[in-house]
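The values are calculated or read from the model by the stated rules, or taken from the named source; none is laboratory data. Since this is a predicted model, take the numbers as computed values, not measurements. Cβ sites come from the backbone with ideal geometry, for glycine too, and all protein chains shown count toward neighbours.
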Amino acid sequence: MLGGGTFLTQNKVLPGSYINFISASRASANLSDRGYGALGLELDWGVDGDIFTVESADFQKESLKIFGYDYSHSKLKGLRDFFKNAKTGYFFRLNSGQKAASIYATAKCSGTRGNDLKNVINANVDDPAKFDVHTYLGTTNVDTQTVASASELQPNDYVTFIPTATLAVTAGTPLTGGTNAASVTGTEYQTFLDKSESYFFNTLGCLSTTAEIIDLFIQYTKRMRDEVGAKFQTVVYRTQADFEGIINLENKVIGEDNEASLIYWTTGASAGCPVNKSNTNKRYDGEFAVDVDYKQTALANGLKEGKFMFHKVGDEVRVLEDINSFTTFTDEKNVDFSSNQTIRVLDQIANDIAVLFNTKYLGNVPNDAAGRISFWNDVVKHHQELQKIRGIEDFVADNVVVAKGGTKKSVVVSDAVTPTNAMAQLYMTVVVN
């Protein structure tokens, strides 16, 4: 992995991009896509032991194969909420257990959903020496193969067959013994976070309500943002972190086993929000019943305390304000850093310029005047594209300075940008004559 993160002095050893953001004192540059979210999940079926990628279109079409349930199943309610706004999900199954099996086959994934698999074997009507071997998940026939012996059977999306089995006509031989892990601990969450380091995503979600697990996610986010240079935000439940990388979700859902289930939608909405947009006043279009029983004073105090809150507007539930948990403002990091739209702009710049430098310039372009001018041109072009979509405003190319660093190999960039935020407050005076 290349070096990255923030810097205090020019003393880094690893090659890479080290980027600081501070507030100004007050008296190829292509834009990368957004829509990438990551979640650790407790599932009845799914890939064991590794992160797996699901695109929104594949979730709708292939949820039975991926998660073991049809798209409309109640067990996928949270993921339907997530994909309301996210386009790509990186998921890790936290509760892998035992695989279901029978004399004919073994489930491809562990979990209780494997116990709903069965094989139905019929004599083939055209060739009595052959068998039609059907695989069912519940009442759905997911695979049929015509073979003379078990050794000819090919694995399908749900089972691998036992080649030494003796095929015989059966109305249905169920797979049994599939289990989920009895409990999920910090070890499984840590494995998920370790594996996620090699993936790029905009927002990470923590569905746990356990303080120790939430703190694990907070510390991971701080380390990745400040030391590794991976710019993403993490959504946690009712935990004040006082950090721009953490979104502190306040509202609980009603009538669910996990009261933090609004994390699904919030993670997807944060990941999928364009760099030039805000989630302020965004309508919650998900499937959970959200507790919005807050008085105006509680809503106002919640914003001061860095809480990401939903409230009732007529018959709709909407985001009150698109903020993160950062509340301790300083001259170097002022109130602007509490705006998630500002952080999205800054993260976009950090990620895009790091990719630009690491892929085009690092090890390839000489650190001379011509090389630095080329890098300057790419940075300026990037910012001009960002201004064109109204992500930043009042950009002046001369504010970008690319200079030689303290060593022959280093380059120092001074940059000044003004992120644009969506309108959130109206102050109006009407004069009556």
Pairing a residue in segment 169-192 that is modelled with pLDDT of 95 or more with any residue that is of a type in the set (Asp, Glu) and in a loop (DSSP other than H, G, I, E, B), where Cβ atoms lie under 8 Å and the two sit 6 or more apart in sequence or on different chains, gives 180/42; 180/44; 184/42
Is it the case that residue 118 is on the phi < 0 side of the Ramachandran plot, of a type in the set (Lys, Arg) and surrounded by fewer than 19 Cβ atoms within 10 Å (Cβ to Cβ)?
no
Could you tell me which residue of segment 221-264 is surrounded by the most Cβ atoms within 10 Å (Cβ to Cβ), considering only residues that are of a type in the set (Ser, Thr, Tyr) and closer than 20 Å to residue 327 by Cα?
234
With the checklist (1) of a type outside the set (A, V, I, L, M); (2) surrounded by fewer than 20 Cβ atoms within 10 Å (Cβ to Cβ); (3) assigned to a loop (DSSP other than H, G, I, E, B) in hand, flag the one item residue 301 doesn't pass.
(3)
Could you say whether any residue in segment 193-203 is of a type outside the set (Gly, Ala, Ser), closer than 24 Å to residue 338 by Cβ and either assigned to a strand (DSSP E or B) or over 18 Å from the mean Cα position of the chain (by Cα) (or both)?
yes
Restricting attention to segment 331-348, which residues are touching a helix residue (DSSP H, G or I) at 6+ places or on another chain (Cβ under 9 Å) and closer than 13 Å to residue 274 by Cα?
340, 342, 343, 344, 345, 346, 347, 348
Return the residues of segment 137-192 that are in a helix (DSSP H, G or I) and hydrophobic (A, V, I, L, M, F, W, C); say none if nothing qualifies.
150, 192
May I ask you to say which residue of 57, 86, 100, 107 is among the small types (Gly, Ala, Ser) and either touching a His at 6+ places or on another chain (Cβ under 6 Å) or assigned to a helix (DSSP H, G or I) (or both)?
57
Cβ pairs under 9 Å, 6+ apart or interchain, first in segment 209-223 and assigned to a helix (DSSP H, G or I), second aromatic (Phe, Trp, Tyr), ordered by first then second residue, are 213/189; 214/237; 216/189; 217/189; 218/243; 221/232; 221/243; 222/243
Selection count, segment 389-421, where residues are of a type in the set (Val, Ile, Thr), within 18 Å of residue 31 (Cα to Cα) and within 31 Å of the chain's Cα centre (by Cα):
5
Among the residues listed as 269, 211, the single one being crowded, with 18+ Cβ neighbours inside 10 Å, of a type outside the set (Asp, Glu) and either at pLDDT 95 or above or within 22 Å of residue 76 (Cα to Cα) (or both)
269
Given the structure, is residue 386 more than 28 Å from residue 339 (Cα to Cα), under 30 Å from the mean Cα position of the chain (by Cα) and hydrophobic (A, V, I, L, M, F, W, C)?
no
Residue ID - farthest from residue 34 (Cα to Cα), chosen from residues in segment 82-115 that are basic (Lys, Arg) and crowded, with 23+ Cβ neighbours inside 10 Å
113
Checking residue 312 against (1) modelled with pLDDT of 95 or more; (2) of a type outside the set (Phe, Trp, Tyr); (3) not in a strand (DSSP E or B), which test does it fail?
(3)
So, residue 378, is that one over 25 Å from residue 237 (Cα atoms), surrounded by 16 or more Cβ atoms within 10 Å (Cβ to Cβ) and either in contact with an Asp or Glu (Cβ under 6 Å, 6 or more places away or on another chain) or charged (D, E, K, R) (or both) or not?
yes
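To keep it simple, each residue is scored yes or no on (1) out of contact with any Cys (no Cβ under 6 Å at 6 or more places or on another chain); (2) surrounded by fewer than 20 Cβ atoms within 10 Å (Cβ to Cβ); (3) aromatic (Phe, Trp, Tyr); (4) at positive phi.
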position	(1), (2), (3), (4)
49	yes, yes, no, yes
57	yes, yes, no, no
65	yes, yes, no, no
73	yes, yes, no, no
78	yes, no, no, no
Identify, please: which residue in segment 405-421 is part of a strand (DSSP E or B) and hydrophobic (A, V, I, L, M, F, W, C) and is, among those, nearest to residue 364 (Cα to Cα)?
411
